[in-house]
1. Need the failing condition index for Ile247 against (1) surrounded by 18 or more Cβ atoms within 10 Å (Cβ to Cβ); (2) touching a helix residue (DSSP H, G or I) at 6+ places or on another chain (Cβ under 6 Å), just the number.
2. Would you point out the residue of segment 82-93, among those that are of a type in the set (D, E, K, R) and without any contact (Cβ under 8 Å) to a residue 40 or more places away in the chain, that is surrounded by the most Cβ atoms within 10 Å (Cβ to Cβ)?
3. Got at least one residue in segment 264-275 being among the acidic types (Asp, Glu), surrounded by 14 or more Cβ atoms within 10 Å (Cβ to Cβ) and assigned to a helix (DSSP H, G or I)?
4. Identify all residues within segment 148-172 that are open to solvent by less than 60 Å² (accessible area, probe 1.4 Å) and within 17 Å of His223 (Cα to Cα); write none if there are none.
5. If Val215 satisfies every condition in (1) open to solvent by 50 Å² or more (accessible area, probe 1.4 Å); (2) in contact with a helix residue (DSSP H, G or I) (Cβ under 7 Å, 6 or more places away or on another chain); (3) not acidic (Asp, Glu) but one, which is the exception?
6. Across segment 23-47, what is the number of residues that are within 16 Å of the ligand (Cβ to nearest atom), open to solvent by 20 Å² or more (accessible area, probe 1.4 Å) and of a type in the set (A, V, I, L, M, F, W, C)?
7. Could you give me the residue pairs with C-beta distances under 7 Å whose first residue belongs to segment 258-274 and is in contact (Cβ under 8 Å) with a residue 40 or more places away in the chain, whose second residue is among the hydroxyl-bearing types (Ser, Thr, Tyr) and assigned to a helix (DSSP H, G or I) wherever it lies, and which are 6+ apart or on separate chains?
8. Considering each residue of segment 49-81, count those that are open to solvent by 40 Å² or more (accessible area, probe 1.4 Å), in contact with a helix residue (DSSP H, G or I) (Cβ under 8 Å, 6 or more places away or on another chain) and in contact (Cβ under 8 Å) with a residue 40 or more places away in the chain, and give that number.
Amino acid sequence: MKPTNGQQIISLFEQWAPKSLAVEGDSIGLQIGTLNKPVSKVLVTLDVNSKVVDEAIEKQCELIIAHHPPIYRSLKNVRTDLPQGSLIEKLIKHNIAVYAAHTNLDIASGGVNDLLADRLQLKNVQILEKTASEHLMKLAVFTPKESTEQVRVALGNAGAGEIGDYRNCSFTSAGEGRFKPTEDADPYIGQANKLSIVEEDKIEVVFPISIKNRVLKALLSSHPYEEPAYDLFQLESEVNEKGLGRIGELPQQVSLADYAKTVKDQLQVPFVRVVGKLDSNVHKVAVLGGDGNKYIHAAKRAGADVFITGDLYFHVAQDAEAINLAVIDPGHHIEQIMKTGVSDYMKTVCKNKQLLVEFIPSEISTEPFQLI
Ligand SMILES: [Zn+2]
(Lines give C-alpha, C1' and ligand atoms only; values in the text may rest on other atoms or scores of the structure.)
Protein backbone atom coordinates (compact mmCIF):
# COMPACT_ATOMS: atom_id res chain seq x y z
CA MET A 1 0.00 0.00 0.00
CA LYS A 2 1.26 3.49 -0.83
CA PRO A 3 0.33 6.96 0.45
CA THR A 4 -1.76 9.14 -1.82
CA ASN A 5 -2.96 12.71 -2.29
CA GLY A 6 -6.18 14.60 -2.89
CA GLN A 7 -5.59 14.92 -6.62
CA GLN A 8 -5.25 11.17 -7.15
CA ILE A 9 -8.32 10.37 -5.03
CA ILE A 10 -10.52 12.86 -6.84
CA SER A 11 -9.34 11.78 -10.28
CA LEU A 12 -10.42 8.21 -9.38
CA PHE A 13 -13.73 9.57 -8.07
CA GLU A 14 -14.30 11.54 -11.28
CA GLN A 15 -13.85 8.43 -13.40
CA TRP A 16 -17.08 7.35 -11.71
CA ALA A 17 -18.92 10.68 -11.45
CA PRO A 18 -17.31 13.04 -13.97
CA LYS A 19 -18.07 16.74 -13.62
CA SER A 20 -19.39 16.73 -17.18
CA LEU A 21 -22.46 14.81 -15.96
CA ALA A 22 -23.63 17.67 -13.73
CA VAL A 23 -26.59 19.80 -14.81
CA GLU A 24 -25.70 23.25 -16.12
CA GLY A 25 -24.86 25.84 -13.49
CA ASP A 26 -24.41 23.36 -10.65
CA SER A 27 -21.69 24.22 -8.13
CA ILE A 28 -19.39 21.23 -8.05
CA GLY A 29 -15.74 20.30 -7.74
CA LEU A 30 -13.13 21.54 -5.31
CA GLN A 31 -14.74 24.36 -3.30
CA ILE A 32 -12.41 24.98 -0.37
CA GLY A 33 -8.69 24.32 0.12
CA THR A 34 -6.39 22.36 -2.15
CA LEU A 35 -6.08 18.80 -3.47
CA ASN A 36 -2.31 19.16 -3.81
CA LYS A 37 -1.54 17.60 -0.45
CA PRO A 38 -1.23 14.16 1.10
CA VAL A 39 -4.61 12.68 2.13
CA SER A 40 -5.01 9.64 4.35
CA LYS A 41 -8.60 10.11 5.60
CA VAL A 42 -11.67 11.32 3.72
CA LEU A 43 -14.96 12.16 5.43
CA VAL A 44 -18.02 11.53 3.23
CA THR A 45 -21.07 13.63 4.10
CA LEU A 46 -24.41 14.80 2.71
CA ASP A 47 -23.94 18.36 4.00
CA VAL A 48 -21.11 20.41 5.46
CA ASN A 49 -22.15 22.17 8.68
CA SER A 50 -20.13 23.08 11.77
CA LYS A 51 -20.78 19.70 13.45
CA VAL A 52 -19.52 17.89 10.36
CA VAL A 53 -16.40 20.09 10.29
CA ASP A 54 -15.80 19.28 13.99
CA GLU A 55 -16.14 15.59 13.13
CA ALA A 56 -13.57 15.98 10.30
CA ILE A 57 -11.16 17.73 12.68
CA GLU A 58 -11.65 15.10 15.38
CA LYS A 59 -11.16 12.20 12.94
CA GLN A 60 -8.16 13.96 11.34
CA CYS A 61 -9.61 13.97 7.82
CA GLU A 62 -7.72 16.11 5.30
CA LEU A 63 -10.57 16.02 2.76
CA ILE A 64 -14.38 16.10 2.84
CA ILE A 65 -16.46 14.79 -0.06
CA ALA A 66 -19.93 16.35 0.21
CA HIS A 67 -23.07 15.86 -1.87
CA HIS A 68 -24.53 19.31 -1.18
CA PRO A 69 -22.05 22.07 -2.11
CA PRO A 70 -21.36 24.30 0.92
CA ILE A 71 -20.85 27.17 -1.55
CA TYR A 72 -23.91 26.92 -3.77
CA ARG A 73 -24.36 30.51 -4.92
CA SER A 74 -21.43 32.82 -5.65
CA LEU A 75 -20.00 34.41 -2.55
CA LYS A 76 -19.76 38.20 -2.36
CA ASN A 77 -17.77 38.10 0.86
CA VAL A 78 -16.28 35.70 3.41
CA ARG A 79 -17.42 37.25 6.68
CA THR A 80 -16.17 35.21 9.59
CA ASP A 81 -18.86 36.73 11.84
CA LEU A 82 -21.52 34.95 9.72
CA PRO A 83 -22.16 31.15 9.67
CA GLN A 84 -20.92 30.41 6.15
CA GLY A 85 -17.79 32.54 6.45
CA SER A 86 -16.89 31.09 9.82
CA LEU A 87 -17.35 27.56 8.41
CA ILE A 88 -14.93 28.35 5.57
CA GLU A 89 -12.49 29.94 8.04
CA LYS A 90 -12.53 26.84 10.26
CA LEU A 91 -11.93 24.52 7.30
CA ILE A 92 -9.02 26.58 6.03
CA LYS A 93 -7.48 26.93 9.51
CA HIS A 94 -7.49 23.13 9.85
CA ASN A 95 -6.29 22.58 6.28
CA ILE A 96 -9.39 20.54 5.35
CA ALA A 97 -10.37 20.61 1.68
CA VAL A 98 -13.99 20.30 0.56
CA TYR A 99 -14.95 18.71 -2.74
CA ALA A 100 -18.62 18.74 -3.83
CA ALA A 101 -20.22 16.14 -6.10
CA HIS A 102 -23.85 17.12 -6.55
CA THR A 103 -25.94 16.40 -9.67
CA ASN A 104 -23.00 14.53 -11.23
CA LEU A 105 -23.30 12.06 -8.33
CA ASP A 106 -27.11 11.94 -8.71
CA ILE A 107 -26.72 11.06 -12.40
CA ALA A 108 -23.68 8.72 -12.28
CA SER A 109 -24.35 5.00 -12.66
CA GLY A 110 -24.27 3.64 -9.13
CA GLY A 111 -24.74 7.17 -7.75
CA VAL A 112 -27.43 8.55 -5.42
CA ASN A 113 -30.46 7.57 -7.50
CA ASP A 114 -29.19 4.07 -8.25
CA LEU A 115 -28.40 3.64 -4.55
CA LEU A 116 -31.99 4.63 -3.74
CA ALA A 117 -33.48 2.36 -6.43
CA ASP A 118 -31.35 -0.44 -5.04
CA ARG A 119 -32.43 0.17 -1.45
CA LEU A 120 -36.07 0.22 -2.63
CA GLN A 121 -35.41 -3.17 -4.31
CA LEU A 122 -36.63 -1.99 -7.72
CA LYS A 123 -36.19 -4.30 -10.69
CA ASN A 124 -35.63 -3.44 -14.40
CA VAL A 125 -34.33 -0.04 -13.37
CA GLN A 126 -34.08 2.66 -16.06
CA ILE A 127 -33.34 6.37 -16.24
CA LEU A 128 -36.29 8.65 -15.49
CA GLU A 129 -35.13 11.86 -17.21
CA LYS A 130 -32.33 11.63 -19.76
CA THR A 131 -29.73 14.39 -19.41
CA ALA A 132 -26.95 13.12 -21.68
CA SER A 133 -26.00 10.50 -24.21
CA GLU A 134 -23.42 10.19 -26.94
CA HIS A 135 -23.49 9.31 -30.61
CA LEU A 136 -22.01 6.12 -31.95
CA MET A 137 -19.35 6.30 -34.64
CA LYS A 138 -18.56 3.71 -37.25
CA LEU A 139 -15.05 3.03 -38.50
CA ALA A 140 -14.41 1.14 -41.73
CA VAL A 141 -10.73 0.38 -42.33
CA PHE A 142 -8.99 -1.47 -45.17
CA THR A 143 -6.11 -3.79 -44.21
CA PRO A 144 -3.83 -6.17 -46.12
CA LYS A 145 -5.04 -9.70 -45.33
CA GLU A 146 -2.04 -10.68 -43.20
CA SER A 147 -2.59 -7.70 -40.89
CA THR A 148 -6.36 -7.98 -40.45
CA GLU A 149 -6.20 -9.91 -37.19
CA GLN A 150 -3.72 -7.56 -35.48
CA VAL A 151 -5.75 -4.46 -36.45
CA ARG A 152 -9.00 -6.09 -35.32
CA VAL A 153 -7.46 -7.03 -31.96
CA ALA A 154 -6.00 -3.53 -31.45
CA LEU A 155 -9.38 -1.91 -32.19
CA GLY A 156 -11.09 -4.30 -29.78
CA ASN A 157 -8.53 -3.61 -27.05
CA ALA A 158 -9.17 0.13 -27.48
CA GLY A 159 -12.86 -0.49 -26.71
CA ALA A 160 -14.29 -0.47 -30.24
CA GLY A 161 -17.03 -3.00 -30.91
CA GLU A 162 -18.57 -2.99 -27.45
CA ILE A 163 -22.31 -3.39 -27.90
CA GLY A 164 -24.35 -4.00 -24.73
CA ASP A 165 -22.94 -7.09 -23.05
CA TYR A 166 -20.87 -8.04 -26.13
CA ARG A 167 -17.22 -7.18 -26.76
CA ASN A 168 -15.02 -7.23 -29.90
CA CYS A 169 -17.98 -7.02 -32.30
CA SER A 170 -16.86 -6.34 -35.89
CA PHE A 171 -17.64 -7.23 -39.47
CA THR A 172 -14.94 -8.18 -41.98
CA SER A 173 -15.35 -8.50 -45.75
CA ALA A 174 -12.75 -9.29 -48.41
CA GLY A 175 -11.89 -7.28 -51.52
CA GLU A 176 -9.10 -5.81 -53.65
CA GLY A 177 -7.16 -2.65 -52.92
CA ARG A 178 -5.39 -0.66 -55.65
CA PHE A 179 -2.72 2.01 -55.25
CA LYS A 180 0.26 3.53 -57.05
CA PRO A 181 3.03 4.90 -54.77
CA THR A 182 4.82 8.09 -55.92
CA GLU A 183 8.62 8.37 -55.87
CA ASP A 184 8.48 10.10 -52.46
CA ALA A 185 6.49 7.31 -50.82
CA ASP A 186 7.86 4.63 -48.52
CA PRO A 187 5.37 1.85 -49.34
CA TYR A 188 4.83 -1.25 -47.21
CA ILE A 189 3.98 -3.15 -50.43
CA GLY A 190 4.64 -2.23 -54.08
CA GLN A 191 7.05 -0.04 -56.02
CA ALA A 192 7.14 3.60 -57.06
CA ASN A 193 4.98 4.50 -60.07
CA LYS A 194 3.63 0.96 -60.41
CA LEU A 195 -0.02 0.13 -59.79
CA SER A 196 -0.33 -2.51 -57.07
CA ILE A 197 -3.33 -4.74 -56.55
CA VAL A 198 -3.51 -6.43 -53.16
CA GLU A 199 -6.00 -8.63 -51.40
CA GLU A 200 -7.43 -6.57 -48.58
CA ASP A 201 -10.04 -6.87 -45.87
CA LYS A 202 -12.47 -4.23 -44.74
CA ILE A 203 -13.09 -4.20 -40.98
CA GLU A 204 -16.13 -2.32 -39.68
CA VAL A 205 -16.61 -1.49 -35.99
CA VAL A 206 -18.74 0.90 -33.94
CA PHE A 207 -17.77 2.82 -30.79
CA PRO A 208 -18.99 5.81 -28.73
CA ILE A 209 -17.67 9.18 -29.91
CA SER A 210 -15.88 9.76 -26.58
CA ILE A 211 -13.27 7.10 -27.35
CA LYS A 212 -12.64 8.22 -30.95
CA ASN A 213 -9.05 9.37 -30.32
CA ARG A 214 -8.15 6.14 -28.53
CA VAL A 215 -9.58 4.02 -31.34
CA LEU A 216 -7.82 6.01 -34.08
CA LYS A 217 -4.53 5.79 -32.16
CA ALA A 218 -4.94 2.01 -31.94
CA LEU A 219 -5.72 1.84 -35.65
CA LEU A 220 -2.70 3.91 -36.72
CA SER A 221 -0.27 2.05 -34.47
CA SER A 222 -1.42 -1.44 -35.53
CA HIS A 223 -1.88 -0.84 -39.27
CA PRO A 224 1.18 -1.60 -41.44
CA TYR A 225 0.47 1.03 -44.12
CA GLU A 226 2.11 4.42 -44.12
CA GLU A 227 -1.28 6.00 -44.81
CA PRO A 228 -4.08 3.57 -43.96
CA ALA A 229 -7.36 4.13 -45.76
CA TYR A 230 -10.33 4.44 -43.44
CA ASP A 231 -13.80 5.99 -43.29
CA LEU A 232 -15.33 7.43 -40.17
CA PHE A 233 -19.06 8.15 -39.83
CA GLN A 234 -21.21 9.53 -37.06
CA LEU A 235 -24.32 7.39 -36.64
CA GLU A 236 -27.79 8.50 -35.59
CA SER A 237 -27.89 5.92 -32.78
CA GLU A 238 -26.92 7.01 -29.28
CA VAL A 239 -25.40 5.12 -26.38
CA ASN A 240 -24.31 5.66 -22.79
CA GLU A 241 -27.52 7.37 -21.72
CA LYS A 242 -27.26 9.20 -18.40
CA GLY A 243 -29.95 10.96 -16.46
CA LEU A 244 -31.68 12.04 -13.29
CA GLY A 245 -33.99 9.78 -11.30
CA ARG A 246 -34.74 6.13 -11.88
CA ILE A 247 -37.84 4.10 -12.64
CA GLY A 248 -38.30 0.42 -11.92
CA GLU A 249 -40.75 -2.22 -10.86
CA LEU A 250 -41.73 -3.86 -7.59
CA PRO A 251 -41.66 -7.68 -7.51
CA GLN A 252 -45.47 -7.54 -7.14
CA GLN A 253 -48.10 -4.86 -6.86
CA VAL A 254 -49.07 -3.67 -3.40
CA SER A 255 -51.42 -1.03 -2.00
CA LEU A 256 -50.08 2.51 -1.77
CA ALA A 257 -50.60 2.41 2.01
CA ASP A 258 -48.50 -0.75 2.40
CA TYR A 259 -45.85 0.52 0.04
CA ALA A 260 -45.55 3.82 1.93
CA LYS A 261 -44.78 1.82 5.09
CA THR A 262 -42.19 -0.25 3.22
CA VAL A 263 -40.51 2.90 1.89
CA LYS A 264 -40.42 4.36 5.40
CA ASP A 265 -38.69 1.21 6.69
CA GLN A 266 -36.31 0.77 3.78
CA LEU A 267 -35.15 4.39 3.86
CA GLN A 268 -35.11 4.43 7.68
CA VAL A 269 -37.07 7.65 8.10
CA PRO A 270 -39.46 8.45 10.98
CA PHE A 271 -42.34 9.38 8.65
CA VAL A 272 -43.36 9.83 5.01
CA ARG A 273 -45.97 12.12 3.49
CA VAL A 274 -48.27 10.45 0.96
CA VAL A 275 -50.37 11.84 -1.90
CA GLY A 276 -52.91 9.55 -3.61
CA LYS A 277 -55.56 6.94 -2.86
CA LEU A 278 -54.15 4.75 -0.12
CA ASP A 279 -56.02 1.64 -1.32
CA SER A 280 -54.86 2.01 -4.96
CA ASN A 281 -52.31 -0.50 -6.25
CA VAL A 282 -48.75 0.44 -7.16
CA HIS A 283 -46.27 -1.54 -9.25
CA LYS A 284 -44.11 0.89 -11.23
CA VAL A 285 -42.04 3.19 -9.01
CA ALA A 286 -40.07 6.32 -9.93
CA VAL A 287 -37.52 7.74 -7.50
CA LEU A 288 -35.51 10.94 -7.47
CA GLY A 289 -33.46 11.85 -4.40
CA GLY A 290 -33.59 15.43 -3.17
CA ASP A 291 -36.12 17.87 -4.59
CA GLY A 292 -38.06 16.24 -7.47
CA ASN A 293 -40.91 18.75 -7.76
CA LYS A 294 -40.00 19.47 -11.39
CA TYR A 295 -40.24 15.82 -12.38
CA ILE A 296 -43.80 14.74 -11.51
CA HIS A 297 -44.82 14.87 -15.18
CA ALA A 298 -41.73 12.94 -16.25
CA ALA A 299 -42.67 10.27 -13.70
CA LYS A 300 -46.26 10.16 -15.00
CA ARG A 301 -45.09 10.03 -18.63
CA ALA A 302 -42.73 7.16 -17.82
CA GLY A 303 -45.73 5.23 -16.49
CA ALA A 304 -44.98 5.42 -12.76
CA ASP A 305 -47.82 4.59 -10.37
CA VAL A 306 -45.95 6.26 -7.54
CA PHE A 307 -43.11 8.80 -7.39
CA ILE A 308 -40.76 8.92 -4.42
CA THR A 309 -39.12 12.29 -3.93
CA GLY A 310 -38.42 14.92 -1.28
CA ASP A 311 -39.36 18.53 -0.57
CA LEU A 312 -42.79 18.19 -2.19
CA TYR A 313 -44.58 21.57 -2.45
CA PHE A 314 -48.27 21.97 -1.57
CA HIS A 315 -49.28 22.94 -5.13
CA VAL A 316 -47.13 20.28 -6.77
CA ALA A 317 -48.82 17.72 -4.50
CA GLN A 318 -52.18 19.01 -5.78
CA ASP A 319 -50.94 18.75 -9.38
CA ALA A 320 -49.83 15.16 -8.78
CA GLU A 321 -53.26 14.37 -7.38
CA ALA A 322 -54.87 15.90 -10.46
CA ILE A 323 -52.85 13.73 -12.88
CA ASN A 324 -53.49 10.66 -10.74
CA LEU A 325 -49.86 10.12 -9.73
CA ALA A 326 -49.27 8.94 -6.19
CA VAL A 327 -46.29 10.54 -4.42
CA ILE A 328 -44.40 9.42 -1.33
CA ASP A 329 -42.22 12.14 0.20
CA PRO A 330 -39.69 10.61 2.62
CA GLY A 331 -37.77 13.93 2.91
CA HIS A 332 -34.60 15.28 1.33
CA HIS A 333 -32.36 13.69 3.93
CA ILE A 334 -32.72 10.21 2.34
CA GLU A 335 -29.84 11.26 0.11
CA GLN A 336 -27.62 10.45 3.09
CA ILE A 337 -27.50 7.00 1.50
CA MET A 338 -24.53 8.44 -0.45
CA LYS A 339 -22.38 8.49 2.71
CA THR A 340 -21.92 4.73 2.75
CA GLY A 341 -22.45 4.42 -1.04
CA VAL A 342 -19.51 6.70 -1.89
CA SER A 343 -17.32 5.36 0.94
CA ASP A 344 -17.81 1.74 -0.11
CA TYR A 345 -17.21 2.48 -3.79
CA MET A 346 -14.07 4.53 -3.18
CA LYS A 347 -12.71 2.02 -0.65
CA THR A 348 -12.83 -0.69 -3.32
CA VAL A 349 -11.32 1.51 -6.04
CA CYS A 350 -8.45 2.72 -3.82
CA LYS A 351 -7.80 -0.77 -2.45
CA ASN A 352 -7.43 -2.07 -6.01
CA LYS A 353 -4.89 0.69 -6.66
CA GLN A 354 -3.07 -0.15 -3.39
CA LEU A 355 -3.67 3.35 -2.04
CA LEU A 356 -3.42 3.96 1.67
CA VAL A 357 -6.53 6.01 2.35
CA GLU A 358 -9.63 5.62 4.56
CA PHE A 359 -13.15 6.72 3.64
CA ILE A 360 -15.35 7.50 6.63
CA PRO A 361 -19.13 8.01 6.32
CA SER A 362 -20.06 10.96 8.54
CA GLU A 363 -21.97 9.99 11.67
CA ILE A 364 -23.63 13.41 11.94
CA SER A 365 -27.28 13.65 10.89
CA THR A 366 -27.88 16.88 8.99
CA GLU A 367 -31.68 16.42 9.01
CA PRO A 368 -33.02 19.77 10.27
CA PHE A 369 -36.63 18.58 10.84
CA GLN A 370 -37.96 17.09 14.03
CA LEU A 371 -41.30 15.36 14.37
CA ILE A 372 -43.48 16.44 17.31
ZN1 LIG B 1 -30.06 17.06 -2.39
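1. The failed condition is (2).
2. Filtering segment 82-93 down to residues of a type in the set (D, E, K, R) leaves 89-90, 93.
After this cut, where a residue has to be without any contact (Cβ under 8 Å) to a residue 40 or more places away in the chain as well, the list is 89, 93.
Details: Glu89: 14, Lys93: 9.
Taking the candidates together, the pick is Glu89.
3. If we filter segment 264-275 for residues that are among the acidic types (Asp, Glu), which is where we start, we get 265.
Filter once more, keeping what is surrounded by 14 or more Cβ atoms within 10 Å (Cβ to Cβ): none.
Scanning segment 264-275, I find no residue that is among the acidic types (Asp, Glu), surrounded by 14 or more Cβ atoms within 10 Å (Cβ to Cβ) and assigned to a helix (DSSP H, G or I), so the answer is no.
4. So in segment 148-172, the residues open to solvent by less than 60 Å² (accessible area, probe 1.4 Å) come out as 148, 151, 154-156, 158-161, 169-170, 172.
Within segment 148-172, Thr148, Val151, Ala154, Leu155, Gly156, Ala158, Gly159, Ala160, Ser170, Thr172 qualify.
5. Exception for Val215: condition (1).
6. 2
7. Matching pairs, first to second residue: none at all.
8. So the answer is 3.
The values are calculated or read from the model by the stated rules, or taken from the named source; none is laboratory data. The structure presented is a predicted model; accordingly, all values stated were derived computationally and were not measured. For neighbour counting, all protein chains shown are included, and Cβ atoms are generated from backbone atoms with ideal geometry for every residue, glycine included. Note: areas computed on protein heavy atoms with side chains; ligands, DNA, RNA excluded. Shrake-Rupley method; radii C 1.70, N 1.55, O 1.52, S 1.80 Å.
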